[in-house]
């Protein structure tokens, strides 16, 4: 009985420790890590693909937010096939290294334009594998998505076999999204890339975006704005971080109410982290000790406070955020249930059988996450 009681107390303590927002991350129960790089074709015919990524990125975040154990997500972005890029680099550009700052990646998506071009899939994979700072933990789920609409074997310098060999050595799943019909001659090359990359292949209509409005969207957008008020900027990046957050809210709103609602849900999840500039997140993740910070790094309202008042101020902001996150979570659950019923009434593919970008992303991620021990 004594052993059982001790085990029960230890388990209860570990659960409380893992769930407490003010416990340093190093003392919490370990979580899964997911590194995800998206490589997008930005040649002249790919505006629909880019818009789809802008509209659906937060759906991917929300899917992974439901995973158990809950992961820490980092996202990176590569663009390729644009004649405005450096020819010596194979018309490939690294837009954002792997980061937990999802607003930073989202802003890069909105900075993409189309031009040209020469689509070197192997070069994009080579750069995604070699130029991104992948997590070195063997247990990290590492995924690349490469999407485009031309032949996958055009690169005159790097073969697909060599590029995919590099990815396999790092334990990276390589998934392909072909923007065209599976009956097209080029699709065979994209299927080969996925097979050699131990990933999934999908053919999509990149100009087809399934966006379903719900009765919950408007309130979710309002709550997203309220959530911003709980952020406490610190250091040199405070103003820039807050401005970027607000700007990305507007950008997602520009993609339509469903995209804004999906972003609101993502912002309320544990995968949306801003510890680089927000003191509430930084303290919760063990990145900052507010009692040891110089006053100059703190926001104006906190500079004259003593240690106890500083802690109380942040506790209040954290409490307000938790309440908003709970409300957003409840509304998002209702929204998800509504979407499930609405999707039953609509076709899941275009007339020729091609699916949508979000279907391709979510199915592959879910499958590979489950293979790595996560559940949904």
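Values quoted throughout were computed directly from the atomic coordinates according to the rules given, and no laboratory measurement underlies them. These numbers were taken from a predicted model, which means no experiment stands behind them. Backbone-built Cβ (ideal geometry, glycine too); neighbour counts: all protein chains shown.
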Taking max minus min of the Cα coordinates of the range 257-298 on each principal axis, largest first, gives extents in Å of 42, 18, 11
Counting only DSSP beta bridges with both partners in the chain, the antiparallel fraction in percent, to the nearest 5, comes to 20 percent
The computed P(r) of the range 210-268 puts the percent of Cα pairs beyond 19 Å at 30 percent
With Rh as the Kirkwood radius over Cα pairs, the range 131-268 has Rg/Rh of 1.09
Semi-axes (Å, rounded, descending) of the ellipsoid equivalent to the range 267-320 per its C-alpha gyration tensor are 20, 12, 9
Only helices counted: for the chain, with every DSSP H run of 4 or more residues adding -39500 (n - 2.57) and the sum spread over all residues, [θ] at 222 nm is -15000 deg cm²/dmol
For the range 217-344 (alpha-carbon point model, no solvent) the Debye-based log₁₀ I(q)/I(0) at q = 0.21 Å⁻¹ works out to -1.19
Taking 168-178, 87-97, 256-266, 285-295 and ranking on average Cβ neighbours within 10 Å, highest first, one gets 256-266, 168-178, 87-97, 285-295
For the range 48-91, the percent of all C-alpha pairs falling in each 10 Å bin, from 0 up to the bin holding the max distance, is 21, 36, 27, 15, 2
Normalised per residue, the volume inside the convex hull of the alpha-carbon atoms of the range 67-145 in Å³ amounts to 100 Å³
In whole angstrom, the spacing between the Cα centers of the range 178-229 and the range 118-167 equals 19 Å
Length-normalised contact order of the range 217-344, Cα under 8 Å, at least 6 apart, in percent, tallies to 33 percent
With Cα coordinates, the longest principal axis of the chain makes an angle with the long axis of helix 160-169, in degrees rounded to 10, of 30 degrees
